[in-house]
1. Please determine, by comparing only the residues of the range B:749-774 that are part of a helix (DSSP H, G or I) and small (G, A, S), which one is nearest to B:S703 (Cα to Cα).
2. If I ask for residues that are in contact with an Asp or Glu (Cβ under 7 Å, 6 or more places away or on another chain), among the polar types (S, T, N, Q) and at negative phi, which ones from the range B:409-446 would you list?
3. Quick one: how many residues across the range A:49-88 are of a type in the set (S, T, Y) and either under 18 Å from A:R104 (Cα atoms) or in contact with a Leu (Cβ under 6 Å, 6 or more places away or on another chain) (or both)?
4. Got a number for residues in the range A:4-13 being within 7 Å of chain B (Cβ to nearest Cβ) and either at pLDDT 90 or above or loosely packed, with under 15 Cβ neighbours inside 10 Å (or both)?
5. Which ones in the range B:497-514 are assigned to a loop (DSSP other than H, G, I, E, B) and in contact with a helix residue (DSSP H, G or I) (Cβ under 6 Å, 6 or more places away or on another chain)?
6. Is there a residue in the range B:111-124 that is among the hydrophobic types (A, V, I, L, M, F, W, C), more than 14 Å from chain A (Cβ to nearest Cβ) and touching a residue at least 40 places away in the same chain (Cβ under 8 Å)?
7. Name the residues in the range B:470-497 that are more than 21 Å from B:L552 (Cβ to Cβ) and modelled with pLDDT of 90 or more, would you?
8. Of the residues B:Q690, B:Q686, which is assigned to a helix (DSSP H, G or I), touching a residue at least 12 places away in the same chain (Cβ under 8 Å) and either under 30 Å from B:K665 (Cα atoms) or in contact with a Gly (Cβ under 9 Å, 6 or more places away or on another chain) (or both)?
Amino acid sequence: MSSHLNALNSDSYIEISQYRDQHFKGNRYEQEKLLKQSSTLYVGNLSFYTTEEQVYELFSKSGDVKRIIIGLDKIKKTACGFCFVEYYTRGDAENAMRFINGTRLDDRIIRTDWDAGFREGRQYGRGKSGGQVSGAHRRWTCVS
Amino acid sequence: MSRRRHADENDGGQPHKRRRTSEPVEIEDRLESLICRVGEKSTSSLESNLEGLAGVLEADLPNYKNKILRILCSVARVLPEKLTIYTTLVGLLNARNYNFGGEFVEAMIRQLKETLKSNFFSEAVYLVRFLCDLVNCHVIAAPSVVALFENFVCVTQEDDVPQVRCDWYVYAVLSSLPWVGKELYEKKDVEMDRLLSQIDGYLKRRQKTHVAMLQIWSAEKPHPQEEYLDCLWAQIQKLKKDRWQERHILRPYVAFDSVLCEALQHNLPPFTPPPHSDSAVYPMPHVIFRMFDYTDAPEGPVMPGSHSVERFVIEENLHCIIRTHWKERKTCAAQLLSYPGKSKIPLNYHIVEVIFGELFQLPCPPHVEVMYTTLLIELCKLQPGSLPQVLAQATEMMYMRLDTMNITCVDRLVNWFSHHLSNFQFRWSWDDWADCLTADPEKPKAKFVREVLEKCMRLSYHQRIVDIVPPSFAPLIPANPLFIYKYEDENSSTLPGYNAAITVGNAIKNRASNEEILTLLKDVPNPNHEDDDDEGESFNPLKIDVFLQTLLSLAAKSFSHSFSALAKFHEVLKTLTESDEGKLHILRVVCDVWKNHPQMISVLVDKMIRTQIVDCVAVANWIFSQDMTHEFTRFYVWEILHSTIRKMNKHVQKIQKELEDSKEKLEKQHQKKDSGDEEDMEEDSQLEEQIERLQEKVESAQSEQKNLFLVIFQRFIMMLTEHLARCETGGTDLNTPWYKNCIERLQQIFLMHHATIQQYMGTLENLLFTAELDHHILAVYQQFCSLQA
């Protein structure tokens, strides 16, 4: 028996952002559909020293974590400040967007965003030097 | 548009507000928006906004009456913190349009019936309260509300109904009186006195076995943890003594009295509470959480007393605000901090008390735990000069009272505090807590600090923890989470299996297959048998040691490495753990090698259950085994057990859902079927077969689930009985720290999984919780039964 009142059903923290993966295999509509159903999150602004264990501990607070894939520098194959977190259910991922996004891990404010789903190869940074594309906030500038 | 800037400012949320107001909207959306937003910060006064809105709505009634009715009914149900604003609005509309007022009242009664039938009891309370406040707005006649209350109180006379049903109807009456007590007494004091006397009688005779299980602290001092109806009754008694003078509630209708008193009133249609049915799920009782009183706020306004009705209203409203806005932490924090009337109360203290009250609520918090951590951080951001101090004060108070805090609440406090600290560079005045160093390390304070540091380490790293605490705290610092390999070096060369370990290690490094590994392991002798007569396939603990120690040692680098290792050699592991003893031993080995890294143990156990290397019962047996005696009071052990139970529950639910879906599919097919069509009949029979299979699967899963609980409870009973018997014969005090931990962990099983356990109560009572049991243990079971009795 929800209120059916749009004005009261605001849940802005779980809305999909403007970011679209340029390497996504499929059109914009397909990507958006996946984003809206996804239980995978992209996590950015991690310290290079942040470990899988730390990510597990923090993100387990919103539900059981299925898998974590630490983002790697394409050339050096070392952690370069981002990762993917997969949950078993969308609801748990939503709570992470609501309550873990924008809080600190390893003393840094981390950012989470919906991801269309991990594919082999996506764990590598796409910047010219092998790390993330220049500017930690690249993911949060409008690309559409 | 640069999202980068928005992201920095908003910390990830709520960008839409800037866009929405400039978009063109339909009239209906506009009506919704107008109604929902009235009462928010505005350049005009609330009264003039209400007046204006009433005018707009009156003009729209001819065309949009139903929409307006629907919106108003919704806000009555979901915005209880703005109750009096909307009752005033309805009052103004009723004064202008009597018929509309009547239709609204009827719609509300219909909605009340529906909410009760659908088990939405909190919302039903808000509806009742709304209807009551409409008396103050001259929309409803006081006598008809008294009649409603009389029908409610009659429920307490019903036979054979759960106490929680009667509780709800009494609560609905009492919790409305702060708003409407005065009016009702002025019009119908004789009837009201009779009502209150009936309620008094009911409250005196009702059972309160459940209270002990729901209290956050077991001590009466400094603040008794009162049962919610007892507290509310005391508050209403006091209000009555004060002749129903209530000064806290914001009442906009007072300003409109001259207009409203000209209005004609309606009578509530007679309302009979829907009869009890088996599908009814009434709210569980709860205990009122109090941690502050008037002595705690050092300066500024005084906190209303625990039995003052102001305290009730403030707490109700703050709970309602969280209920409405929990998904949006910035809005929630802002709404809490702009509570009307905040200048007269120590608002920060109320907010902190209400938030911790929810976090510690037993059996479960209303919302996911992490929400409260983040909400408190937002509040600290908005009030950096005052809220952090209140929070620190609260933390200090809770630390001092750890000795009597329910262990489930201690768990949550550990989780909250460590997560909170990790957002503030782990800054804390640890020296203030030096007293925990001299006490028995098994006592609650020392355990608390140890578990907090352990959790802090999980969010950072070992050296960080060493750096943040004073040197005197060294004994409480968690171990460096390093792997312990039995066959580490030449010093272990005399251990049985050492050579095999080297061979296996090399094989793994050379990418051996599962088959090759199994072949290698065949040569490992079995310490349990004189000769391997059956090709070494029976349980061989040495094989498990050799293989698993070596494998995990090679994969120790990270979780991912260990998961890959388990996946790669799944076949070998399944073979080694075919028997129950094998499953138990594998868990033992995992715990041995990762003794310093409880987090790793948890994730490995989780993985092994999910990949069916071990089953849930094996994990339960392992936790209660001799080997785990030393770890039995460690927090992580219970995290593992509860996680295991939850996995079992989810598994059962998943198959049940599959069964439901298949049954629905069959129903649909039957409905549209032309009889005799061969294709249809074949599809049908396939579906029927599938349903049969799923039915069996469900039954088997439920049987496994029931067995899991039986094992857990059995083990608890054995351990506790042993302890109690030993204390009796030895003449020692049974209330050791170990006992407190154990009995509260038993309670915790009941509390955290109460819905599932309800299904198996018959078996539990017949097999385990019989009258012969020691009364200390039986009491826990009885408390659990009383939760829904």
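1. For the range B:749-774, the residue satisfying everything is B:G762.
2. Residue satisfying the conditions is B:N415 alone.
3. From the range A:49-88, those of a type in the set (S, T, Y) are A:49-51, A:56, A:60, A:62, A:78, A:87-88; that's our starting set.
Keeping just the survivors that are either under 18 Å from A:R104 (Cα atoms) or in contact with a Leu (Cβ under 6 Å, 6 or more places away or on another chain) (or both) gives A:49-51, A:56, A:60, A:62.
Adding up the residues that qualify gives 6.
4. Final tally of qualifying residues: 5.
5. Scanning the range B:497-514 gives a single hit, B:G497.
6. Filtering the range B:111-124 for residues among the hydrophobic types (A, V, I, L, M, F, W, C) gives B:112, B:116, B:120-121, B:124.
Checking which are more than 14 Å from chain A (Cβ to nearest Cβ) leaves us with none.
No; the residues of the range B:111-124 include none that is among the hydrophobic types (A, V, I, L, M, F, W, C), more than 14 Å from chain A (Cβ to nearest Cβ) and touching a residue at least 40 places away in the same chain (Cβ under 8 Å).
7. Passing the criteria: B:P470, B:P471, B:S472, B:F473, B:A474, B:P475, B:L476, B:I477.
8. B:Q690
The values are calculated or read from the model by the stated rules, or taken from the named source; none is laboratory data. Please read all numbers here as calculations on a predicted model, not as lab measurements. Every residue, glycine among them, receives a Cβ derived from its backbone with ideal geometry; neighbour counts consider all protein chains shown.
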